[in-house]
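Notes to accompany the following structure.
The values are calculated or read from the model by the stated rules, or taken from the named source; none is laboratory data. Every value quoted in this text rests on a predicted model; they were computed, and no experiment measured them. Reconstructed Cβ throughout: ideal geometry from the backbone, glycine too, with neighbour counts over all protein chains shown. Side chains included, ligands, DNA and RNA excluded: accessible areas come from the protein's heavy atoms. Shrake-Rupley method; radii C 1.70, N 1.55, O 1.52, S 1.80 Å.
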Amino acid sequence: MTKTTTPWGPATLVEQLRLPQQAGDKRFSSVVELLENDRGDRLLRFAYSTDGIARRGPVTLRERDLARLRKEIEKKPALAAAFGVVFGVVFDSGGDA
């Protein structure tokens, strides 16, 4: 289990999704992580990654990236459930979008 630090204390990585993106010659990935702290609270973290290193800062997704995110999140049941709680959406767990 991967441990990480958050403003609310240490947490364990439950599930992660990496969405590769490109802007001109720049290649990077947007990262969505479901974390859980020692009290059982679940946290949803967004970041971007260059060269495999997570960076803080704004994460920008184009409309077509959001469509890809929706398709990929269907393959991550814990993340899909967390998105449902946060955004009130339901994902098809069958992966047949």
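Things to note:
- Between ARG62 and LYS3, the simple spin-label model (points 7 angstrom out along Cα→Cβ) gives 4.1 nm.
- Accessible-area composition of the chain, carbon plus sulfur, in percent [1.4 Å probe]: 53 percent
- Sum of side-chain charges, THR50 neighbourhood, beta-carbon under 11 Å (Lys, Arg +1; Asp, Glu -1): +2
- Accessible area (Å², per residue) of the chain, counting only protein heavy atoms and a probe of 1.4 Å: 69 Å²
- Each peptide in 39-47, 76-84 gets a packing score, the mean of other Cβ atoms within 10 Å over its residues, and the list from highest to lowest is 76-84, 39-47.
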